[in-house]
Amino acid sequence: MPNFKTQLLILILVLVPIVALSEPEAVEALLRRLDSKRSPASVQEAAAKAVLKRLLPTHVDSFDFKIFSKEACGGQSCFLLNNNNLSSRQGPEIQIKGTTAVEIASGLHWYLKYWCGAHVSWDKTGGVQVVSIPKPGSLPRVRDEGLKIQRPIPWNYYQNVVTSSYSFVWWDWERWQKEIDWMALQGINLPLAFTGQESIWQKVFMDFNISKEDLNDFFGGPAFLAWARMGNLHAWGGPLSQNWLDQQLVLQKQILTRMLELGMTPVLPSFSGNVPAALKKIYPSANITRLGDWNTVNGDPRWCCTYLLDPSDTLFVEIGTAFIRRQVEEYGDVTDIYNCDTFNENSPPTNDPAYISSLGAAVYKAMSKGDKDAVWLMQGWLFYSDSSFWKPPQMKALLHSVPFGKMIVLDLFADVKPIWRTSSQFYGTPYIWCLLHNFGGNIEMYGILDAVSSGPVDARTSENSTMVGVGMCMEGIEHNPVIYELTSEMAFRSEKVQVQDWLKTYSRRRYGKTVHQVEAAWEILHHTIYNCTDGIADHNTDFIVKFPDWDPSSNPISNITKQNQMQMLLALDRKRRVLLQETSAHLPQAHLWYSTQEVVNALRLFLDGGNDLSGSLTYRYDLVDLTRQVLSKLANQVYVDAVTAYQGRDVKAYSLHSRNFVQLIKDIDVLLASDDNFLLGTWLESAKKLAANPTERRQYEWNARTQVTMWFDNTKTNQSKLHDYANKFWSGLLGSYYLPRASTYFSYLSKSLRDNKDFEVEEWRKEWISLSNGWQAGTELYPVKAKGDALAISRALYKKYFS
């Protein structure tokens with residue numbers, strides 16, 4: 001007969017599976033808690049109506065909005081479109097019901113797109129196209145039985161932890177209000193909310209005897225806050241004024257209030273272990289480690305090598321708990337989901353799974369003591385970027401270090417390198433399929449439309465799937481609107497999208513009419529620019545904006561005859577896509593994944609349709625962007641031609657190609673000046689607008705200029721390791737920064753040819769870095785309004801370079 005201990009063990013083994021929550025049950029429990037925090041139905045309905053009023057004030061009375069329960073929608077989030085039964089032509093024509101205000105706004109957007117042929121994108125990508133919407137009283141009716149669109153997964157996530165610096169940093173409430181409207185219309189219900197956290201940290205650290213002066217060395221400047229938060233740097237671009245701290249806290253409260261009114265669940269920050277240097281003096285026995293260098297030129301301690309409090313230290317839990325509680329005190333009980341990336345680009349000191357598990361448990365303990373229902377949202381970038389460390393035992397140890405259902409992972413790079421496929425669905429941990437897509441806020445036409453249209457469906461329908469959302473985690477926004485519109489739709493689609501058919505409707509909606517030449521252009525763009533399948537993370541490395549810092553005289557391509565060089569340079573463009581690899585492994589290489597000749601053909605089609613669309617702002621944006629893309633890739637080739645001629649000591653050819661490269665910069669600058677959305681002046685003026693005094697004004701402008709150019713520190717002869725990381729194709733930046741850089745470089749190469757001497761690369765670097773630092777500290781004004789006829793300029797440039 002079994003003894004008592006054996007009977008007890010059997011009883012435990014039998015009971016535990018019964019009481020343990022399955023993955024769906026854990027997610028459902030979380031969703032019920034979050035639903036209980038939502039604003040009342042009347043508040044959400046009013047918020048949705050306000051979105052409509054800002055988007056389409058003429059049609060405020062044409063729609064009836066109602067919040068209804070999930071039970072009426074099978075327990076899921078959804079929206080319903082129905083005709084309003086009217087006895088007269090007065091009153092609302094279309095009724096939209098949704099489980100939250102976000103669902104109502106999504107339903108409104110769906111109706112405007114697919115019944116009225118309208119289009120909504122960021123202002124800086126052309127804005128809205130609503131001309132196609134019929135007048136009130138004449139709106140198209142939906143089918144008699146109505147339409148129900150149900151989310152196949154709960155969440156549509158938005159933002160990267162650095163988007164706040166690359167895109168949002170200089171925003172005021174007016175701009176934030178537009179963004180939250182856009183988010184609601186796209187169905188985003190789980191946005192990151194990182195604004196103003198330095199004000200919270202100031203209060204928390206002062207409770208631990210850290211002074212305001214100590215924090216001046218801890219916080220980064222406004223344009224570099226994201227990296228100070230992650231412990232990559234400190235003090236760079238700072239200090240932060242009290243005005244900035246107070247202003248941003250007020251803004252965060254406005255942001256959160258609006259998100260909550262719309263039924264969104266904001267994701268707040270939590271403690272990752274990044275602490276001021278002064279804490280080590282105040283708590284000498286605490287386990288605080290100074291981290292290694294992160295991309296400084298020479299380890300300058302003024303901004304290098306931050307301090308990390310080990311999660312196993314009891315002080316970690318104290319500070320983490322205090323931070324969560326202070327946020328609740330400031331904002332109220334607005335969420336249960338908190339972001340923390342302690343191990344992002346910062347590996348634990350040992351790969352022992354038991355140790356990693358204890359660290360993860362400590363991180364979560366700090367959250368849960370501040371909010372007993374806390375859920376840890378973690379970026380999964382580390383599993384890709386540091387895959388040599390994060391093997392299956394280490395991944396499991398971290399992912400299973402918290403109670404089941406208390407962690408959600410962002411599969412950050414799933415559009416290119418999905419981790420869910422190689423990790424058994426993150427070993428049972430709920431995850432969100434994410435699009436990364438953009439680095440540094442670079443302006444580059446790029447994407448993988450087919451991956452976007454199928455990836456989320458493949459992940460959700462795969463065996464033992466733990467996918468719970470679709471997300472957009474770009475480092476910078478306001479580019480490639482086609483990518484973000486389709487990604488947002490995938491949060492509502494149960495089946496894969498036929499991209500070619502979708503693009504035809506997209507083209508009609510975006511421009512407000514059918515133009516066959518433009519539709520044909522989009523067909524080409526689908527299988528060229530928007531079909532990058534080489535697995536490379538696209539970071540714009542075009543030579544105009546990321547000019548190669550190298551000495552071409554040290555790597556002559558002697559193994560290639562002049563005749564062969566000419567044959568390669570004159571080859572069909574289909575071969576040009578691999579020209580850089582063919583000529584020499586030593587030549588700089590810009591990312592190119594498509595036939596440039598096909599895209600030139602797409603541009604010709606775009607221009608052919610221009611007479612029908614000349615008044616369209618969305619067309620103008622796309623035309624300027626496409627022309628820029630084509631000319632930029634041409635400039636890459638011209639640069640290679642110039643360097644090849646230099647290495648061959650062909651003075652005449654070198655002079656021709658170097659002049660052509662410089663001229664292309666000038667021509668693209670004029671092109672970009674013809675659209676309001678490609679102007680350096682807008683970025684700089686938005687920075688200065690937030691300043692309260694002349695000192696702040698100079699500081700903010702330096703931050704804004706430095707981020708998009710040198711980025712980090714430099715010496716007299718060494719550029720920043722991050723120079724041009726956040727490069728931009730902006731008029732003003734090309735003419736005043738990229739142009740003199742290329743011109744001085746080519747002038748030194750010319751001198752080398754004339755004097756028959758080696759290229760004086762050190763002298764060029766000295767001159768250029770001095771010019772750059774002067775530009776960063778400059779105060780020159782740049783236009784904030786477009787000038788010139790974009791269509792006429794694009795046609796002239798096409799004729800000049802391609803006809």
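The values are calculated or read from the model by the stated rules, or taken from the named source; none is laboratory data. Because the structure is a prediction, the values reported are computed rather than measured. Glycine gets a Cβ as well: all are built from the backbone with ideal geometry, and neighbour counts include every protein chain shown. What goes into the accessible areas is simple: the full protein's heavy atoms, side chains included, and nothing from ligands, DNA or RNA. Shrake-Rupley method; radii C 1.70, N 1.55, O 1.52, S 1.80 Å.
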Within the range 291-441, what is the number of lysine pairs with alpha carbons under 16 Å apart, leaving out pairs fewer than eight places apart on the same chain?
5
Please report how far the C-alpha centroid of the range 684-761 lies from that of the range 283-344, rounded to the nearest whole angstrom.
32 Å
Interchain or sequence-distant (5+) residues whose placed amide H lies within less than 5 Å of the amide H of Ile337 are Leu268, Val375
How high is the relative contact order of the chain, in percent, with contacts defined as C-alpha pairs under 8 Å that are six or more residues apart?
12 percent
Quick check on packing: order 525-537, 312-324 by the mean number of other C-beta atoms within 10 Å, highest mean leading.
312-324, 525-537
Under the Kirkwood approximation for Rh and a Cα-based Rg, what ratio Rg/Rh is obtained for the range 589-802?
1.00
To the nearest 500 deg cm²/dmol, what mean residue ellipticity at 222 nm is calculated for the chain from DSSP H runs of n ≥ 4 alone, each contributing -39,500 (n - 2.57), summed and divided by the residues?
-14500 deg cm²/dmol
Can you tell me how the range 57-135 classifies by the Cα gyration tensor, rounded, prolate or oblate, using a/c under 1.5 as the rounded cut?
oblate
Find the accessible area per residue for the chain; the probe is 1.4 Å, ligands and nucleic acids are left out, and the unit is Å².
38 Å²
Quick check on packing: order 601-612, 732-743 by the mean number of other C-beta atoms within 10 Å, highest mean leading.
732-743, 601-612
How high is the relative contact order of the range 335-489, in percent, with contacts defined as C-alpha pairs under 8 Å that are six or more residues apart?
19 percent
Under 14 Å, Cβ to Cβ, from Arg421 - net charge with Lys/Arg +1 and Asp/Glu -1
-2
Step through the residues of the range 57-66 one at a time and calculate ³J(HN,Hα) from phi using the Karplus curve (6.51 cos²θ - 1.76 cosθ + 1.60, θ = phi - 60°), rounding each to whole Hz and writing x for Gly and Pro.
x, 6, 10, 4, 8, 8, 10, 10, 10, 9
Taking Cα centroids, how far is the range 375-428 from the range 119-192 in Å?
29 Å
Taking a ≥ b ≥ c as the square roots of the eigenvalues of the Cα gyration tensor, with a/c under 1.5 meaning rounded and otherwise prolate when a/b exceeds b/c and oblate if not, the range 692-803 is oblate
Taking the Cα centroid of the range 35-65 and of the range 225-275, what is the distance between the two, rounded to the nearest whole Å?
28 Å
³J(HN,Hα) across the range 762-776 via Karplus (A = 6.51, B = -1.76, C = 1.60, θ = phi - 60°), whole Hz, x for Gly/Pro?
5, 5, 4, 4, 4, 5, 5, 4, 4, 4, 4, 4, x, 5, 4
With bins of 10 Å, the percent of all Cα-Cα pairs of the range 387-519 per bin from 0 is 12, 37, 31, 15, 5, 1
Roll a 1.4 angstrom probe over the protein heavy atoms and tell me the percent of accessible area of the chain that is carbon or sulfur.
52 percent
To make sure I understand the rule: partners must be aspartates and glutamates, Cα under 18 Å from the Cα of Lys504, and not fewer than 8 residues away in the same chain. Which ones qualify?
Asp450, Glu485, Glu489, Glu519, Glu523, Asp608, Asp612, Asp622
Quick one: 3J(HN,Hα) in Hz for the range 493-507, Karplus 6.51/-1.76/1.60 with θ = phi - 60°, rounded, Gly and Pro as x.
9, 8, 10, 5, 9, 7, 4, 4, 5, 4, 5, 5, 5, 4, 4
Proximal aspartates and glutamates to Lys785, defined as alpha-carbon separation beneath 16 angstrom and excluding residues fewer than eight positions away on the same chain:
Asp123, Asp669, Asp675, Asp676, Glu685
Normalised by the empirical 2.2 N^0.38 Å for globular proteins, what value does the Cα Rg of the range 155-497 take?
0.95
Only Cα pairs under 8 Å and at least 6 apart count here; give the relative contact order of the range 23-150 as a rounded whole percent.
25 percent
Mind ranking 708-718, 70-80, 667-677 by how tightly packed they are, going by the mean number of other C-beta atoms within 10 angstrom, highest first?
667-677, 708-718, 70-80
State whether the range 660-754 is rounded, prolate or oblate according to the following rule on the C-alpha gyration tensor (a ≥ b ≥ c being the square roots of its eigenvalues): a/c under 1.5 gives rounded; otherwise a/b larger than b/c gives prolate, and the remaining case gives oblate.
oblate
State the Kirkwood hydrodynamic radius of the chain in Å, one decimal place, computed from all pairs of distinct Cα atoms.
28.3 Å
